[in-house]
Amino acid sequence: MTSQRASFERELAGLQHDILRVGSLVEELVFNAVQALVNRDEVLAKKAIAGDDEVDNLCKDIERRCIRLVATQQPLARDLRIIFTGIKIISNLERMGDHAVDIARYALNLITCYSSTVADVVLQGITQIARMVQQMVKASLDAYVSNDTSRARQMSNADDDVDHLYRKTFDAILSLMEKEPENTRCYVYLLLAALRLERVADRATNIGEDVIYLVTGEWEELN
């Protein structure tokens, strides 16, 4: 192996390491945002919002490095798949971070309108969705680091369960809005938070598709 090729492979490995670092930060953002929502925790909500800057900066840095590798090296077909898949994965992770920030902002708004009779009825459903979504994000990244297509497909199956629970929570919130119109503003924030979690699950499924393409060279639509 030439020194140039060895250097190139080290750069590829560094990119993958940093992509996983972004994934870890996004997992933390989602967790903090949901905890802020459930516990009406202003400090944690603001921490989640502030943490998104690090995710965005890392994603931009990784994208620049990917472009530079394509422009300055002579990547093989397998190398190109690694690079382009990396760009797609960080795009999905960045959007997950944006969704987490939205949830944290809803948490701040919920604090200002919270009534003791509101939220506890539906927070259990949102907590369940969050738990499932967090497991999907972790599984998608595990599939990426291990090049495990089976795990990617298995992870995506959970998206149906997330969708089902989201629809159930959606219906419950709409029913409560009709019964308690004075609390509609609070319920809207909870509804939007549930929607953002559902979107995070979709992004995790996208990463699963990226993993399959990385390993096989073929696109496969999951769910």
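The values are calculated or read from the model by the stated rules, or taken from the named source; none is laboratory data. This one's a predicted model, so the numbers in the text were calculated from it and none came from an experiment. Please note: Cβ atoms are built from the backbone with ideal geometry, for glycine as well, and neighbour counts cover all protein chains shown. The accessibility values were calculated without ligands, DNA or RNA, using every heavy atom of the protein model including side chains. Shrake-Rupley method; radii C 1.70, N 1.55, O 1.52, S 1.80 Å.
Is it the case that some residue within region 95-102 is open to solvent by 60 Å² or more (accessible area, probe 1.4 Å) and part of a helix (DSSP H, G or I)? Yes. Being at negative phi, open to solvent by 10 Å² or more (accessible area, probe 1.4 Å), under 19 Å from the mean Cα position of the chain (by Cα) and modelled with pLDDT of 95 or more is the requirement here; does Leu195 meet it? Considered against the rule, which asks whether it is at negative phi, open to solvent by 10 Å² or more (accessible area, probe 1.4 Å), under 19 Å from the mean Cα position of the chain (by Cα) and modelled with pLDDT of 95 or more, Leu195 comes out as yes. Restricting Asp18, Asp52 to residues that are under 27 Å from Tyr187 (Cβ atoms) and within 22 Å of the chain's Cα centre (by Cα) narrows the list to Asp52. The residue that is surrounded by the fewest Cβ atoms within 10 Å (Cβ to Cβ), among those in region 15-43 that are within 25 Å of Cys113 (Cα to Cα) and free of Cβ contacts under 8 Å to residues at least 60 places away in the same chain, is Val43. Within region 52-79, the set of residues being in contact (Cβ under 8 Å) with a residue 12 or more places away in the chain and polar (S, T, N, Q) comprises Gln73 only.
Here is a check on your reading of the model: is Thr184 open to solvent by 80 Å² or more (accessible area, probe 1.4 Å), free of Cβ contacts under 8 Å to residues at least 40 places away in the same chain and either β-branched (Val, Ile, Thr) or part of a loop (DSSP other than H, G, I, E, B) (or both)?
It is false that Thr184 is open to solvent by 80 Å² or more (accessible area, probe 1.4 Å), free of Cβ contacts under 8 Å to residues at least 40 places away in the same chain and either β-branched (Val, Ile, Thr) or part of a loop (DSSP other than H, G, I, E, B) (or both).
Considering region 140-158, the residues that are more than 13 Å from the chain's Cα centre (by Cα) and among the aliphatic types (A, V, I, L, M) include one that is surrounded by the fewest Cβ atoms within 10 Å (Cβ to Cβ), namely Val145. Would you check if there is a residue in region 125-139 being in contact with a Gly (Cβ under 8 Å, 6 or more places away or on another chain) and either open to solvent by less than 10 Å² (accessible area, probe 1.4 Å) or on the phi > 0 side of the Ramachandran plot (or both)? Within region 125-139, one or more residues are in contact with a Gly (Cβ under 8 Å, 6 or more places away or on another chain) and either open to solvent by less than 10 Å² (accessible area, probe 1.4 Å) or on the phi > 0 side of the Ramachandran plot (or both). If we scan region 64-81, do we find a residue that is more than 29 Å from Arg131 (Cβ to Cβ), at pLDDT below 95 and crowded, with 21+ Cβ neighbours inside 10 Å? The answer is yes, given that some residue of region 64-81 is more than 29 Å from Arg131 (Cβ to Cβ), at pLDDT below 95 and crowded, with 21+ Cβ neighbours inside 10 Å.
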